[in-house]
Amino acid sequence: MMDGPRSDVGRWGGNPLQPPTTPSPEPEPEPEPDRRFRRGGGRSFWARCCGCCSCRNVADDDWGPEPSDSRGRGSSSGTRRPGSRGSDSRQPVSRGSGANAAGDGTIREGMLVVTGVDLLSSRSDQNRQEHHTDEYEYDELIVRRGQPFRMLLLLSRTYESSDRITLELLIGNNPEVGKGTHVIIPVGKGGSGGWKAQVTKASGQTLNLRVHTSPNAIIGKFQFTVRTQSDAGEFQLPFDPRNEIYILFNPWCPEDIVYVDHEDWRQEYVLNESGRIYYGTEAQIGERTWNYGQFDHGVLDACLYILDRRGMPYGGRGDPVSVSRVISAMVNSLDDNGVLIGNWSGDYSRGTNPSAWVGSVEILLSYLRTGYSVPYGQCWVFAGVTTTVLRCLGLATRTVTNFNSAHDTDTSLTMDIYFDENMKPLEHLNHDSVWNFHVWNDCWMKRPDLPSGFDGWQVVDATPQETSSGIFCCGPCSVESIKNGLVYMKYDTPFIFAEVNSDKVYWQRQDDGSFKIVYVEEKAIGTLIVTKAIGSNMREDITYLYKHPEGSDAERKAVETAAAHGSKPNVYANRGSAEDVAMQVEAQDAVTGQDLMVSVMLTNHSSSRRTVKLHLYLSVTFYTGVTGTIFKETKKEVELAPGASDRVTMPVAYKEYRPHLVDQGAMLLNVSGHVKESGQVLAKQHTFRLRTPDLSLTLLGAAVVGQECEVQIVFKNPLPVTLTNVVFRLEGSGLQRPKILNVGDIGGNETVTLRQTFVPVRPGPRQLIASLDSPQLSQVHGVIQVDVAPAPGDRGFFSDAGGDSHLGETIPMASRGGA
């Protein structure tokens, strides 16, 4: 765990690049039972973060999880019975002795005894199909709130009109009707809050019921029981784990505030198990496939366990605003021993390089299995896991990348960059940083807690940052409020606004030690905001949702209105001088291991001669904008005739940049200049990255559910040096549980081939994703689409096909080749 919010190198501006210290995965303390959720001591997360929960009565017993084991996991996160996954057989019975009104277990003659329950929970049954939950690798009933489902009751005798039947759903440690944690549904009578149950058919000793759930129901895993009352006495069906019911948010239900009125949106943002995450720079956009895996066995339990670990009151779990805010806090480990430990140091020897992950499943299952935070994550990993969790719980969610994303540390709503008298960067003063890219999430919901006009997409950002009065969570924040600079809207609008629509302000130190604004770059922040397009792997530009067109009156008004609420409201009072020399910076596209060229084009738009004194400073940079020391620089004076252009170039050899490279292979070119005749100041920061090769995946044969299939992976080392301790990861929902392959060393410029088998467990189009990681090279990945045919006879799902996670398996290469 990091010592403070800004202690880790590579993440925050103002921290010099130095030998890295690795954040260690700290186990949570093991105090007396339920200490994590005690009501005493300091202010709770809810008191600090959520005003509506800050006055919670100390007698509320639904605070925190049910302590069913040493880790304090509640029933919603317990492990499932062995052999349950993949079984398509129905187990309707909940037989055995019940309880009568006297509590002595005596079953009297004439009592209406429930001898069995069939929740019709099979993935091929109508319930799971109609509720769009048939892909979850679970046997229990999973339904979405606000939508009816069916069940069968098996009775000891024929149902009579004088009999009374009541269904009950319970969640939490101390279920209460008033909190929605104990739901009582009289059959055949109108329920409360949208809950009701009706008899649709009575045939002999079988009763068919149609049950309606409330569109505002709490989400989670409920215990289920049935009570009957007849002239002979009362009966209660014993609780049975096989009859537990999961209830989720419902974007198909118009009465649910998470409702989405576009089927193609729901297919993409709720049901799609894989997606694209974009990274790099605006000019050099990279993309990688991410396995969200929200339907994989165990993932739903992990998502509910996250809510338990936060100690979220069960009564608040029906509110998507509160749930998404808790998820943004719990996906990172700060404050609460959440899912992922952030690490921007460059040293990942005590965990997994963030670039090596290919999906969320391995991360979430590890957290569920051990209760310990998983090392390590960076922004795209936090966002990928958040997408998985929110989609799994039923919220339409997408992963969003913002290029040139600002990190404003002083609430000025501007990015302030300081230079000395010669326009050389003063890194010890540059606490604000501009990330090459930053990845967060949009989720869709209504906002009844805000004025009208702010429903729709809401930003949720789980990367731990300095927001929310010291709480490491961010959002949900209305995209509409960001677009219009309404920074007083909750939650965390000022910070997110600055990430996408602030200005970059250049300050130069004067002879007397003071600083003066010499240049304001108005189009440098939030230059491109993208997400995966609906129904394809294309990239969709959604900048227009976050920002008015750059330079428009509406955009300037939004920026200056927001800045007026910041710590430097008069920053725009003093603007620069006339500008008649234009500057354009370019970097040659290159792969890691190659030489490259950077250049600056100067153009004189005036009718007079111009003399430009130009300085170029090149350094490596983390994707977070934190830079290393300058390793190459060039100074040149350029004479420009009226209307003329000239190019200044700087070649960079591999041997020059190799010793300095950090994660993502990114470099920062600081360009500054001074026009002798007019006094114009030129300033530009240009970030570019070195590309990495892709893995080539080829399917060897047809893919059929339940039948072994083989994939071939080919990789060529682009570096002239040996890659050591190379690790491949392989994963794909419905195809392969997360698998780690240790392959040893790969020589310089060597080509290797390996083959792996897998057994598909679900039919349809699937994505098989692979990555490669070594200390010398990372951010290498590949993907192949696998169209899986149903099993012969359409037998459906297989119980353990696809395999469990295989960790640390040593794999010999099938073949090696030279350059």
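The values are calculated or read from the model by the stated rules, or taken from the named source; none is laboratory data. Note that the structure is a prediction, hence the values are computed from the model and not measured. Positions of Cβ are generated from backbone atoms using ideal geometry, with glycine treated the same way; all protein chains shown enter the neighbour counts. For accessibility, only protein heavy atoms count, side chains too; no ligands or nucleic acids. Shrake-Rupley method; radii C 1.70, N 1.55, O 1.52, S 1.80 Å.
State the number of residues belonging to the stretch 508-537 that are over 16 Å from H438 (Cα atoms), in a loop (DSSP other than H, G, I, E, B) and open to solvent by 20 Å² or more (accessible area, probe 1.4 Å). Step through it out loud before you land on a result.
Taking the stretch 508-537 and keeping what is over 16 Å from H438 (Cα atoms), we get 508-523, 533-537.
Filter once more, so that each one left must be in a loop (DSSP other than H, G, I, E, B): 510-514, 522-523, 533-537.
Retained after the next criterion (residues that are open to solvent by 20 Å² or more (accessible area, probe 1.4 Å)): 510-514, 522-523, 534-537.
Residues flagged as over 16 Å from H438 (Cα atoms), in a loop (DSSP other than H, G, I, E, B) and open to solvent by 20 Å² or more (accessible area, probe 1.4 Å) within the stretch 508-537 amount to 11.
Test V505 against the criterion of being buried (at least 19 other Cβ atoms within 10 Å of the Cβ), under 30 Å from V675 (Cβ atoms) and at pLDDT 75 or above, and give yes or no. Quick ask: steps written out before the conclusion?
Details: buried (at least 19 other Cβ atoms within 10 Å of the Cβ): yes; under 30 Å from V675 (Cβ atoms): yes; at pLDDT 75 or above: yes.
Judged against the criteria, V505 is a match.
Out of the residues in the stretch 527-548 meeting the condition of being over 30 Å from G782 (Cβ atoms) and touching a helix residue (DSSP H, G or I) at 6+ places or on another chain (Cβ under 6 Å), tell me which one is modelled with the lowest pLDDT.
The initial filter retains those residues of the stretch 527-548 that are over 30 Å from G782 (Cβ atoms), namely 544-548.
When the remaining residues are screened for being touching a helix residue (DSSP H, G or I) at 6+ places or on another chain (Cβ under 6 Å), the result is 545-548.
Working: L545: 96, Y546: 95, K547: 92, H548: 88.
Filtering the stretch 527-548 for residues that are over 30 Å from G782 (Cβ atoms) and touching a helix residue (DSSP H, G or I) at 6+ places or on another chain (Cβ under 6 Å), the one modelled with the lowest pLDDT comes out as H548.
Between V389, V374, which is of a type outside the set (F, W, Y), modelled with pLDDT of 95 or more and surrounded by 24 or more Cβ atoms within 10 Å (Cβ to Cβ)?
Working: V374 fails: surrounded by 24 or more Cβ atoms within 10 Å (Cβ to Cβ).
Going through V389, V374 in turn, the sole match is V389.
Suppose the filter is among the basic types (K, R) and either in contact with a His (Cβ under 8 Å, 6 or more places away or on another chain) or not assigned by the TED database to the domain that holds P148 (or both); does R317 pass it? If you could, list the steps in order and put the result at the bottom.
Details: among the basic types (K, R): yes; either in contact with a His (Cβ under 8 Å, 6 or more places away or on another chain) or not assigned by the TED database to the domain that holds P148 (or both): yes.
When the stated conditions are applied, R317 passes them.
Tell me whether the stretch 673-682 contains one or more residues that are in contact with an Asp or Glu (Cβ under 6 Å, 6 or more places away or on another chain) and not assigned by the TED database to the domain that holds F419.
Taking the stretch 673-682 as the starting set, the residues that turn out to be in contact with an Asp or Glu (Cβ under 6 Å, 6 or more places away or on another chain) are 680.
Now narrow it down to the ones that are not assigned by the TED database to the domain that holds F419: 680.
For the stretch 673-682, residues in contact with an Asp or Glu (Cβ under 6 Å, 6 or more places away or on another chain) and not assigned by the TED database to the domain that holds F419: present.
Is one or more of the residues making up the stretch 538-549 among the hydroxyl-bearing types (S, T, Y) and either outside the structural domain of D420 (by the TED database) or open to solvent by 60 Å² or more (accessible area, probe 1.4 Å) (or both)? Write out each step before concluding.
First, pick out the residues of the stretch 538-549 that are among the hydroxyl-bearing types (S, T, Y): 543-544, 546.
Next, only the ones that are either outside the structural domain of D420 (by the TED database) or open to solvent by 60 Å² or more (accessible area, probe 1.4 Å) (or both) stay: 544.
Yes, the stretch 538-549 contains a residue that is among the hydroxyl-bearing types (S, T, Y) and either outside the structural domain of D420 (by the TED database) or open to solvent by 60 Å² or more (accessible area, probe 1.4 Å) (or both).
Can you pull out every residue in the stretch 762-777 that is touching a His at 6+ places or on another chain (Cβ under 7 Å) and of a type in the set (S, T, N, Q)?
S771, the sole residue that qualifies.
Mind checking whether some residue in the stretch 212-231 is among the small types (G, A, S), assigned by the TED database to the domain that holds V439 and closer than 28 Å to S122 by Cβ? Outline the logic, then answer.
As a first pass, look at the stretch 212-231 and keep what is among the small types (G, A, S): 214, 217, 220, 230.
Those left that are additionally assigned by the TED database to the domain that holds V439: none.
No; the residues of the stretch 212-231 include none that is among the small types (G, A, S), assigned by the TED database to the domain that holds V439 and closer than 28 Å to S122 by Cβ.
Of all the residues that make up the stretch 278-330, how many are touching a residue at least 12 places away in the same chain (Cβ under 8 Å) and outside any helix (DSSP H, G or I)?
Of the residues in the stretch 278-330, the ones touching a residue at least 12 places away in the same chain (Cβ under 8 Å) are 278-318, 320-330.
Within this subset, residues satisfying the condition of being outside any helix (DSSP H, G or I) are 278-298, 311-313, 317-318.
Here the count works out to 26.
Can you tell me which residue in the stretch 227-267 is farthest from T397 (Cα to Cα), limited to those that are of a type in the set (D, E) and open to solvent by 10 Å² or more (accessible area, probe 1.4 Å)?
The residue in question is D231.
Within the stretch 147-191, track down each residue that is β-branched (V, I, T), assigned to a loop (DSSP other than H, G, I, E, B) and more than 22 Å from P241 (Cβ to Cβ). Break it down stepwise before answering.
First, pick out the residues of the stretch 147-191 that are β-branched (V, I, T): 158, 165-166, 171, 177, 181, 183-185, 187.
Adding the requirement that they be assigned to a loop (DSSP other than H, G, I, E, B) leaves 158, 171, 181.
Residue satisfying the conditions is T158 alone.
Out of everything in the stretch 621-653 that is at pLDDT below 90 and open to solvent by less than 40 Å² (accessible area, probe 1.4 Å), what residue ends up being farthest from F437 (Cα to Cα)?
G628
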